[in-house]
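The values are calculated or read from the model by the stated rules, or taken from the named source; none is laboratory data. A quick note: this is a predicted structure, and the numbers were derived from the prediction, not measured. Calculation scope for accessible area: heavy atoms of the full protein, side chains included, ligands and nucleic acids excluded. Shrake-Rupley method; radii C 1.70, N 1.55, O 1.52, S 1.80 Å.
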Amino acid sequence: MKDVIRLSLIGTAMCVLFAWAMLRTADNSKVSAPLTSEEISWVEFCKARHYDPHTEDEEIINEYLDTWVGSVEEERVFNNLPAQEA
């Protein structure tokens, strides 16, 4: 009888530890917010022109604003993107 109680307690403890580990992992996982259309546009511009998307170079930013925003190339990128869930 003692063995049955001990196994039952061990099984319960293992379930509690497993549940705790699952919840702890879920709390630590961060899901990033979806990109805005402006951020997607910037990233795609940088991909197309082989620029670093983290750049703060004014010339590149001006090129983006002057030649990319509202262009046919930008529209083509948005038309080819997979649908995003709301």
Can you pull out every residue in region 54-63 that is within 24 Å of the chain's Cα centre (by Cα) and open to solvent by less than 50 Å² (accessible area, probe 1.4 Å)? THR55
Given the options SER41, SER29, name the one that is open to solvent by 60 Å² or more (accessible area, probe 1.4 Å) and modelled with pLDDT under 95. SER29
Residues being on the phi > 0 side of the Ramachandran plot and among the hydrophobic types (A, V, I, L, M, F, W, C) - total across region 32-80: 0
